[in-house]
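Here's the structure we're looking at; comments come further down.
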Amino acid sequence: MDDRGGARNDEVVVVGSINVDLVLSVAHRPAPGETVGDARLERHPGGKGANQALAAARSGARSALIGRVGADAEGERRVGELAAGGVRTELIATSATAPTGLAVITVTEEGENAIVVAPGANGELGASELARAEDALGGARVLVVQLEIPLGTVRRAVEMAGAGTTVIVNAAPARPLPPELLAKVDLLVVNELEAGSLLGTSIGGRSDAMAAAAALVVLGPAGAVITLGPLGAVGHRRGSAAFHVPAPPTTVRDTTGAGDAFVGALAARLAAGEGLEDAVGFAVAVGAATVAHHGAEPHLPPTYSRR
């Protein structure tokens with residue numbers, strides 16, 4: 001593991017979280033005061049930043065991750081897993097005081113999840129890590145950030161993006177975003193709940209989502225994409241018509257990480273020069289392939305061949 005930040009002209013640079021996921025598969029989620037005693041425990045790689053960087057790499061992009069782990073066995077293991085998956089890890093720093101981030105996830109038989117996150121070292125990701133990665137941030141074709149790290153770090157990373165860099169903000173988990181940040185965003189990616197949180201309304205179905213995507217663009221970003229689970233995704237760029245991409249039929253086993261797989265795949269295709277609608281189509285297919293497996297690790301469609 002190395003805290004130094006050299007440049008490699010990465011196509012996709014992700015600034016974000018690195019977690020270990022403890023997944024509890026249950027027949028149903030416990031009600032308040034209830035104990036469910038027949039859960040099945042699995043450990044999986046996780047963290048939105050890590051998932052997205054890995055999805056970008058698996059989708060054919062040169063991918064780098066700027067993040068922070070603890071000085072513990074879990075952190076060392078996560079960095080090794082990312083490196084083995086083709087992600088550049090030299091920009092990942094090690095905390096001397098905080099453990100590697102941890103997420104505890106319950107997954108029902110229907111594949112729905114509920115997540116509790118202890119951020120650990122992710123909460124320390126800040127200006128020093130970004131300064132070491134200045135060349136990578138300035139030279140990326142696509143920069144991806146999410147909200148499992150401090151908002152000040154998100155804002156600073158966006159400010160450090162190069163003039164020719166496409167900036168993607170995945171506004172997850174949902175939280176208010178300042179207008180001055182949104183104005184610097186090329187593409188805002190959210191799910192229905194996150195879009196509704198930003199707009200102060202509820203969104204149900206494709207028609208609502210297409211109108212919401214246009215409303216999100218009014219808030220400042222040049223474009224917006226809303227993921228709709230089994231209904232696929234909708235997108236809108238300022239000055240263009242909104243579009244809808246349906247999802248392929250899928251057997252849902254676990255929805256954990258599907259949104260991250262979508263974002264990483266989308267970033268890879270945009271970095272390769274594809275148009276937004278085509279890139280969203282590929283990302284929808286990657287998200288669908290991911291929910292067919294347990295755990296947050298991204299999966300590619302069976303028909304995909306690396307270009």
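Observations
Here is a yes/no grid of residues against (1) of a type in the set (D, E, K, R); (2) free of Cβ contacts under 8 Å to residues at least 60 places away in the same chain; (3) surrounded by fewer than 23 Cβ atoms within 10 Å (Cβ to Cβ); (4) within 25 Å of Ala114 (Cβ to Cβ):
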{"position": "Gly229", "(1), (2), (3), (4)": "no, yes, yes, yes"}
{"position": "Ser240", "(1), (2), (3), (4)": "no, yes, yes, no"}
{"position": "Ala247", "(1), (2), (3), (4)": "no, yes, yes, yes"}
{"position": "Gly273", "(1), (2), (3), (4)": "no, yes, yes, no"}
{"position": "Gly287", "(1), (2), (3), (4)": "no, no, no, yes"}
{"position": "Ala292", "(1), (2), (3), (4)": "no, yes, yes, yes"}
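- Among the residues listed as Arg206, Arg141, the single one being on the phi < 0 side of the Ramachandran plot and either of a type in the set (Ser, Thr, Tyr) or out of contact with any Asp or Glu (no Cβ under 9 Å at 6 or more places or on another chain) (or both): Arg206
- Taking (1) crowded, with 18+ Cβ neighbours inside 10 Å; (2) without any contact (Cβ under 8 Å) to a residue 12 or more places away in the chain in turn, Gly46 satisfies each apart from (2).
- Scan segment 148-166 for residues that are free of Cβ contacts under 8 Å to residues at least 60 places away in the same chain and either within 20 Å of Leu54 (Cβ to Cβ) or among the acidic types (Asp, Glu) (or both) and the total you get is 1.
- Restricted to strands (runs of 3 or more DSSP E) entirely inside segment 60-170, those with at least 1 residues that are in contact with a strand residue (DSSP E or B) (Cβ under 8 Å, 6 or more places away or on another chain) and crowded, with 22+ Cβ neighbours inside 10 Å are 63-70, 92-95, 101-107, 142-145, 166-170.
- Tallying residues that are farther than 19 Å from Val23 by Cβ and over 17 Å from the mean Cα position of the chain (by Cα) within segment 90-125 yields 10.
- Of Leu182, Leu187, Leu216, all but one fail to be over 12 Å from Ile226 (Cα atoms), touching a Leu at 6+ places or on another chain (Cβ under 9 Å) and in contact (Cβ under 8 Å) with a residue 12 or more places away in the chain; the exception is Leu182.
- Exclusive hit being in contact (Cβ under 8 Å) with a residue 24 or more places away in the chain, part of a strand (DSSP E or B), surrounded by fewer than 21 Cβ atoms within 10 Å (Cβ to Cβ) and not polar (S, T, N, Q), set Leu41, Leu22: Leu22
- Just one of the numbered conditions (1) modelled with pLDDT of 90 or more; (2) in contact with an Asp or Glu (Cβ under 6 Å, 6 or more places away or on another chain) is not true of His44: (1).
- Cβ-Cβ under 6 Å pairs, at least 6 apart or on other chains, segment 118-131 side under 12 Å from Val15 (Cβ atoms), far side of a type in the set (Gly, Ala, Ser): Asn122/Ser17; Asn122/Gly101; Glu129/Ala93; Leu130/Ala157
The values are calculated or read from the model by the stated rules, or taken from the named source; none is laboratory data. Just so it is clear, the structure is predicted and the values come from calculations on it, not from any experiment. Note: ideal-geometry Cβ built from the backbone for every residue, glycine included; neighbour counts use all protein chains shown.
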